[in-house]
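A.B. asks: Pasting a structure here, questions to come.
The values are calculated or read from the model by the stated rules, or taken from the named source; none is laboratory data. These numbers were taken from a predicted model, which means no experiment stands behind them. Note that we place each Cβ from the backbone using ideal geometry, even for glycine, and neighbour counts take in every protein chain shown.
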Amino acid sequence: MDEQQQRDVAAKKVLEAMQAAIDEGVEPDVVKLVTLSAAVTNFVNDYGEEATAGIIESLPEKVRNGAFSQPSADSNQDGGDGQ
């Protein structure tokens, strides 16, 4: 399995676990915050606080540049220009 396939499988599993918690009555915002917190904790445990802080410092620019965005059904229907 190549790296992209591994990422796809991992993302699918995480999203399924998040949805399972929501299905059991956990508020979606709680699930999202706990998932983010668990990921950061995992990074700190594996790489240390300084390295993790460096990774997190790079996130705002990546978010603003669309690295985590997925096309919505609405943007596909109207050409993505919002009009």
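A.B. asks: Residue pairs, Cβ under 9 Å, 6 or more apart or interchain, first in the range 1-28 and free of Cβ contacts under 8 Å to residues at least 12 places away in the same chain, second aliphatic (A, V, I, L, M) and loosely packed, with under 10 Cβ neighbours inside 10 Å. List them.
C.D. replies: 9/1
A.B. asks: Taking the conditions exactly as written (modelled with pLDDT under 95 and exposed (fewer than 11 other Cβ atoms within 10 Å of the Cβ)), does residue 83 satisfy them or not?
C.D. replies: On the way: modelled with pLDDT under 95: yes; exposed (fewer than 11 other Cβ atoms within 10 Å of the Cβ): yes.
For residue 83, the condition - modelled with pLDDT under 95 and exposed (fewer than 11 other Cβ atoms within 10 Å of the Cβ) - is met.
A.B. asks: Let me ask something else about it. How about the range 26-69: which of its residues are under 18 Å from residue 15 (Cα atoms), modelled with pLDDT of 95 or more and of a type in the set (S, T, N, Q)?
C.D. replies: Within the range 26-69, 35, 37, 42 qualify.
A.B. asks: Within the range 1-27, track down each residue that is more than 18 Å from residue 68 (Cα to Cα) and surrounded by 11 or more Cβ atoms within 10 Å (Cβ to Cβ).
C.D. replies: Correct list: 17, 19, 20, 21, 22, 26.
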